[in-house]
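Below is one structure, written out as structure tokens; the observations come after it.
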Amino acid sequence: MSLLHRRTRESFAGDEGNDLTPLIDCVFLLLIFFMVTTVFLHAKGLDVDLPAQSEATEQEKKKDINIHVAQDGKIQIGGEDVSPPELVGRLKKAMVDANNENIIIQANPDCAQKYVVLIVDAAKEANVVGIAFAKEQEGGGAL
């Protein structure tokens with residue numbers, strides 16, 4: 001074999017190139033460092049508790065229980081006259097029918113307050129959860 005041919009063969013066999021292992025180790029260490037020290041920012045917003053599907057359909061089925069008190073003290077639940085002794089029973093029945101444990105009392109501003117107190121006491125006895133008071137506007141409609 002010729003000398004030229006031998007040198008090229010030796011140069012190819014002995015020259016394996018640069019060793020990239022330390023460079024790869026350094027890159028992996030940098031990658032791990034940046035992954036550990038990175039802080040992920042969370043966008044601030046409102047936390048909303050969405051009702052479950054069964055609760056949402058239950059809310060849709062609820063109806064308002066409106067109690068009207070006239071100036072002379074006449075009490076109506078859902079448009080039907082109710083006497084004071086039967087008020088607790090009618091409230092319980094209205095709560096079951098409307099699938100609602102809350103009532104809305106709309107009293108005439110000129111009625112005696114004893115009728116409103118009578119309704120609130122009957123509501124407590126009927127296990128009403130919430131009581132709201134509606135005020136009539138001067139035009140005649142409720143607020």
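The values are calculated or read from the model by the stated rules, or taken from the named source; none is laboratory data. Note that the structure is predicted; figures quoted are calculated from it, not measured. Quick reminder, even Gly has a Cβ in these numbers, built from the backbone with ideal geometry, and neighbours come from all protein chains shown.
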Checklist outcome for this item: For the stretch 116-128, pairs from a residue that is under 15 Å from Asn99 (Cα atoms) to a residue that is in a helix (DSSP H, G or I) and of a type outside the set (Ser, Thr, Tyr), with Cβ under 6 Å and 6 or more apart or across chains, are Ala126/Val88; Ala126/Leu91; Ala126/Lys92
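Looking at the structure I just gave you, is His5 in a helix (DSSP H, G or I), surrounded by fewer than 10 Cβ atoms within 10 Å (Cβ to Cβ) and at pLDDT below 90?
Working: in a helix (DSSP H, G or I): yes; surrounded by fewer than 10 Cβ atoms within 10 Å (Cβ to Cβ): yes; at pLDDT below 90: yes.
Considered against the rule, which asks whether it is in a helix (DSSP H, G or I), surrounded by fewer than 10 Cβ atoms within 10 Å (Cβ to Cβ) and at pLDDT below 90, His5 comes out as yes.
A quick yes/no check of all residues on (1) at pLDDT below 70; (2) of a type in the set (D, E, K, R); (3) surrounded by 10 or more Cβ atoms within 10 Å (Cβ to Cβ); (4) under 30 Å from Ala94 (Cα atoms):
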residue: Val27; (1), (2), (3), (4): no, no, yes, no
residue: Phe33; (1), (2), (3), (4): no, no, yes, no
residue: Asp47; (1), (2), (3), (4): no, yes, no, no
residue: Pro51; (1), (2), (3), (4): yes, no, yes, yes
residue: Glu60; (1), (2), (3), (4): yes, yes, no, yes
residue: Ile67; (1), (2), (3), (4): no, no, yes, yes
residue: Gly73; (1), (2), (3), (4): no, no, yes, yes
Item to check | Among residues of the stretch 75-132, those that are exposed (fewer than 12 other Cβ atoms within 10 Å of the Cβ), of a type outside the set (Gly, Ala, Ser), within 32 Å of the chain's Cα centre (by Cα) and not in a helix (DSSP H, G or I), counted | outcome: 2
Next on the checklist: For Glu55, only one of the following conditions fails: (1) within 30 Å of Asn100 (Cα to Cα); (2) of a type outside the set (Val, Ile, Thr); (3) at pLDDT below 70; (4) part of a loop (DSSP other than H, G, I, E, B). What is its number?
Outcome noted: (4)
